[in-house]
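As structure tokens, the structure follows; a few thoughts come after it.
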Protein chains: 2
Amino acid sequence: MVESWSFLDTVEPNFRPLVVIELAKGTKEETIEWFTKRIVDKKANGGAQLLVKPLGTENGEENIYLVGASQLRLLLGAETVGLVKECNDNSMRTFTYSSRKTFKGFAGDNDNFLTIAECQYIIKHELENLRAKEEKMIPGYPQAKLYPGKSIVRRLLTNGILVQIFPLHDGEELKKLRHSWYGRVKVGYQPLDEIRCYFGETIALYFGFLEYFTFALIPMAVIGIPYYVFAWEDYDKYVMFATFNLLWSTVILEVWKRICAIMTYRWGTLLMKRQFEEPRPGFHGVLGINPITGKEEPVYSSIKRQIRIYLVSLPFVCLCLYFSLYVMMIYFDLEQWALDYHEENESTFSSLMLFVPSIIYAVVIEIMNRIYRYAAEFLTSWENHRLESSYQNHLILKVLVFNFLNCFASLFYIAFVLFDMKLLRQSLATLLITSQIINQFAESVFPYWLQKRHKKKMKKRMYSMKTDTDMSLVEQVNLEKEMGTYVGTFDDYLELFLQFGYVSLFSCVYPLAAVFAVLNNITEIYSDALKMCRVYKRPFAEPTANIGVWQLAFETMSVISVVTNCILIGMSPQVNALFPDSKMDLMLTVALVEHLLLAIKFIMAFVIPDKPRDIQIKLAKLEFESLEALKQQVRAPDMHSSEK
Amino acid sequence: MVESWSFLDTVEPNFRPLVVIELAKGTKEETIEWFTKRIVDKKANGGAQLLVKPLGTENGEENIYLVGASQLRLLLGAETVGLVKECNDNSMRTFTYSSRKTFKGFAGDNDNFLTIAECQYIIKHELENLRAKEEKMIPGYPQAKLYPGKSIVRRLLTNGILVQIFPLHDGEELKKLRHSWYGRVKVGYQPLDEIRCYFGETIALYFGFLEYFTFALIPMAVIGIPYYVFAWEDYDKYVMFATFNLLWSTVILEVWKRICAIMTYRWGTLLMKRQFEEPRPGFHGVLGINPITGKEEPVYSSIKRQIRIYLVSLPFVCLCLYFSLYVMMIYFDLEQWALDYHEENESTFSSLMLFVPSIIYAVVIEIMNRIYRYAAEFLTSWENHRLESSYQNHLILKVLVFNFLNCFASLFYIAFVLFDMKLLRQSLATLLITSQIINQFAESVFPYWLQKRHKKKMKKRMYSMKTDTDMSLVEQVNLEKEMGTYVGTFDDYLELFLQFGYVSLFSCVYPLAAVFAVLNNITEIYSDALKMCRVYKRPFAEPTANIGVWQLAFETMSVISVVTNCILIGMSPQVNALFPDSKMDLMLTVALVEHLLLAIKFIMAFVIPDKPRDIQIKLAKLEFESLEALKQQVRAPDMHSSEK
């Protein structure tokens, strides 16, 4: 073991700060000492065996620490988290330290074998796996209870002693990434592999999906343009467009799975074994025995959780949905009232009044979405899910259902109750375009402006008191710790999901929606890239093999859009003219076509394999090898006993 | 290694015959010698290390051999095939010879640790894994080519040198099983665990499903009886019955998954790792390199197979479906003609003529099903699938689609084109009941009678020339080798599948169908049990964790039945009377209800977990343990390197 890993030696020349730990101001000395000791302590003593160094600011604030690790430590950590890397024979394998020489790009103490994002992920993993031994509480904070096996960092976070942990940006790398991502004016793909190296797989996959989705919408947009330009209103053209759209949306979602498999295979996350999930930070319960691990940890009855979900959350969500519909009805009443008012006394004021209801409704929708989001987060956290993944799934489900209704209910009402196609087209266009503009502004432009102002202020302050040589690092840390935290891809996917709804649900009424979606997504790529690189703290990389529950959400949307489009086509006057005598025949035909389309969709989803053939073969090869290895293991005692 | 495993020592006193090998009459001496040598040869020399003994008949026919194995060999084989057994701490673990002491019921050379079915499965596995080494052909048969790694037994089978391999019945065990299964008159569950021990998991799972399905139909039957008795024809009662049926069928299919998981967990197959699949016997191709194993084996281009599937098989199936519909139309024409004839000249002859069309149609359907079955088998085998599982899936799909159409097309036509509910009810009852009677007879009673006659003849012949002391074994082998081969659960599941169709597709028209299904299934259990125990050769056990593609087939049927029932209810005069003014409103309501029911179905299938909670915990525990074990393995070099 290299001796330089002890606490005192951390100020070694080759210390490279990777992660920043910010403790609360005024944290007790003994706590800091105990915590840093645990971080640098040897693995055998229950430590994380990392390097730690206080950020030496002149004003003596001892609350910010930089964490790094030796190259050897990182490689061993890569083995612990189960990273999958490419071997010299081009196959992907789980990295182990003992077989390190067989991996591509490994050359002794090569720094570039692990990407910085991976190094930071390893450090985060090691910090989170720092576990209490005999400690009954955090030294200096008797109210912060510990039990054997409890993650120290999570307890420090929940008790507010630890303010945040975040990975540092890497100026040079970021510059390179920015340049190849959005720095130069060019038409082409995003540098997804570079994004993945810098931000990790989850974010790279989001940008990959955004790009893929934009390309996938182009055929729809191209076909949609002539409908607008030539004002085509023929029955058969509409039906063709809608049919194409519906089948196309199935194809693109299936093909995405294949592309996703190709990417994540290359990145190694497709093969990465799922780690055993820890209880999430907010989880609480009576201390008991986990039936799976056999270790002591808080236990919460599943039946109690089910009761909370089905008897409290579900009714609450239904109530909210009802309330949202109620508000919508008020909006339509207001709209009618404004129309009547305008017709009675026509004036400039009255024509302005026409816009008032929709403005009010838009504002109310936005407010309701926000309030509901908080309520959903509160409720889901109160449901006390043990795992972060199950918490996320329940939260996403709640938010999705509400957002879907809140955004599309008025369109459904206009389409299927008022039967007003002109109004539907108009509302759809207004909603789509305004929501896109607001989103782009609220998400990227505004925070970017804020961030720029803040940076300027910081720089001024820094320059006014420049003393140290290593100032740039101090400056960087101080700047980054004030940056906003990127809370995850949830909102970005939600935006895409709602956009997909606008494009596909009523596609046969408003073919131009795809054009706007494409235009929006092109700028979205740039504004999201700007947001990631300039506005937010660097997020920790999160290995992932797919876009998870969003795949299901998009597929559900495409099923719903089959139903809506079939009804819309059935209601169109052109189609009605084809069945002049019998509405029955019309309805039957529409129902038949709808069921046929749904059946085709399901068959297509079933027939198109989720992984391309070469990836399937590679995966089968790995499985075969592991089976063979197992057989060898089995055969070893076999041979042994046969030699007896 | 014990020396008694060599060829000459096989006539040891404790040799217990488990499997019978029947070679073609007149097989060359050198081939027999080579083959038996390979069977008894040591593992290290590429043999199977089993025991083999010719069945000494007096007439000098040297073409039947008995295969057995020492207890040690069987235990090592259990490890090779990856059997999962219960440990002393009640957890299920993959058996390894080195950890044998930790398993429940293991006591030294305990014969009962492995069931006979497992022993026979192991021997089959070992025989099939006898692979050619340097041999270029089978000695004595230059046309039977071999290449390194080719399974010898499969080549012998395809060349007709090996007639059959089958496991022997065990008289005593069979007697016990028969007694507890159907020997005494009792009401209760089947002895599924005993069936599984004797016949293996696939067959036990079929009987488990049959029993479960029968119980699941009882509520439908109970609710259906009053509809018949009181001749209820109210709208709301019909709707209630149909709604109950539709939701119920979802519930039973979901609950079956859970019950199946409980059973297969207990049997160990839920945890059993899938073995790497060999090419199926009929698979042929140019000798090439398998991209997965890297070994030499026949290779067949996937694109060629796709072309055969989509350009030949698919059009052929469509043509057959069209032909089946065409025949149906002829039947309806005939029916009409007979009716007209009867009306014109009413006589005894003319009223008899009324039955002629349906009799002809029933016969034609039966003939078409048979011919199609052969065609499907031929086509699927011509598609040249590499794996038995993929061959089976394609065959099942082809047969299912055709059988579905052939059996239900006339009912669909009566219901949705002729709108004749009376006729529908009548046809449904006739079809269901006659098909049940024919099936029971053709499947069990007739073969049983044949078998009994054959046995008597054999016994007579045997008694007339009794010479040996060990005659009972010779007699048993000779008797069993002439018995029919049970080709698998396909036809049994198909029968249940069609029955499920009769019960659920038109359940709201004929609620009594469930009653007949229950009655049929109760006798079906007994007749199938009789068939397994008395009529057929004992089949090899086949470990399986679920009913495979049948689950999907039943679920698809229940989705289709939602659609049909909704339409039927929408067409009923009672419901039509509720919407006297507007057919539109009626249709909209029906469509809405249908979509709601489908949505509820999918949500229910999504919400009900496929495995019960305790099984989930047990599986998670095993996964956790294997992850921990992996970590220990990882930590070992870690420690090692840190001590350097």
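Brief remarks on what is shown
- A single member of B:A541, B:A514, B:A553, B:A529 is assigned by the TED database to the domain that holds B:F209 and part of a loop (DSSP other than H, G, I, E, B), and it is B:A541.
- Qualifying residue in the range B:197-214 (condition: out of contact with any Lys or Arg (no Cβ under 7 Å at 6 or more places or on another chain) and loosely packed, with under 14 Cβ neighbours inside 10 Å): no
- Yes/no for B:A78 being in a loop (DSSP other than H, G, I, E, B) and either within 13 Å of another protein chain (Cβ to nearest Cβ) or in contact (Cβ under 8 Å) with a residue 12 or more places away in the chain (or both): no
- Selection of the range A:419-430 for residues being in contact (Cβ under 8 Å) with a residue 24 or more places away in the chain and in a helix (DSSP H, G or I) yields A:M421, A:L424, A:R425, A:L428, A:A429, A:T430.
- Screening A:I433, A:I365, A:I359 for residues that are surrounded by 16 or more Cβ atoms within 10 Å (Cβ to Cβ) and assigned to a helix (DSSP H, G or I) leaves exactly one candidate, A:I365.
- Answer residue from the range A:570-584, given it is crowded, with 16+ Cβ neighbours inside 10 Å and in contact (Cβ under 8 Å) with a residue 60 or more places away in the chain and is nearest to B:I603 (Cα to Cα) among those: A:M571
- Annotation note: of B:K237, B:K295, the sole residue that is touching a residue at least 60 places away in the same chain (Cβ under 8 Å) and either under 20 Å from B:E542 (Cα atoms) or out of contact with any Leu (no Cβ under 6 Å at 6 or more places or on another chain) (or both) is B:K295.
- Output for the range B:34-52, where each listed residue is closer than 18 Å to B:L146 by Cα, without any contact (Cβ under 8 Å) to a residue 40 or more places away in the chain and among the basic types (K, R): B:K37
- You will find that of A:Y310, A:Y326, the residue that is exposed (fewer than 13 other Cβ atoms within 10 Å of the Cβ), within 14 Å of another protein chain (Cβ to nearest Cβ) and outside any loop (DSSP other than H, G, I, E, B) is A:Y310 and no other.
- Here the range B:279-301 is the region considered, the condition is being of a type in the set (D, E, K, R) and surrounded by 16 or more Cβ atoms within 10 Å (Cβ to Cβ), and the residue that is nearest to B:L156 (Cα to Cα) is B:R280.
- Answer from B:A415, B:A376, B:A338 - the residue that is farther than 24 Å from B:V503 by Cα, surrounded by 19 or more Cβ atoms within 10 Å (Cβ to Cβ) and more than 22 Å from the chain's Cα centre (by Cα): B:A338
- Checked against the criterion of being loosely packed, with under 15 Cβ neighbours inside 10 Å and of a type in the set (D, E), the candidates B:E118, B:E86, B:E128, B:E134 yield just one match: B:E134.
- Residue list for the range A:605-616, filter: part of a helix (DSSP H, G or I) and either exposed (fewer than 14 other Cβ atoms within 10 Å of the Cβ) or of a type in the set (G, A, S) (or both): A:A605, A:F606, A:V607, A:R613, A:D614
- Filter result for B:I567 (within 12 Å of chain A (Cβ to nearest Cβ) and either surrounded by 15 or more Cβ atoms within 10 Å (Cβ to Cβ) or in contact with a helix residue (DSSP H, G or I) (Cβ under 7 Å, 6 or more places away or on another chain) (or both)): yes
Yes or no, residue by residue, for (1) closer than 19 Å to A:M329 by Cα; (2) assigned by the TED database to the domain that holds A:E542:
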site	(1), (2)
A:R370	no, no
A:A375	no, no
A:L379	no, no
A:A409	yes, yes
A:A415	yes, yes
A:M421	yes, yes
A:Q436	no, yes
A:V445	no, yes
A:W449	no, yes
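The values are calculated or read from the model by the stated rules, or taken from the named source; none is laboratory data. Note that the coordinates shown come from a computational prediction; the quantities given were computed from them, not determined experimentally. Cβ: placed from backbone, ideal geometry, glycine included. Neighbour counts: every protein chain shown.
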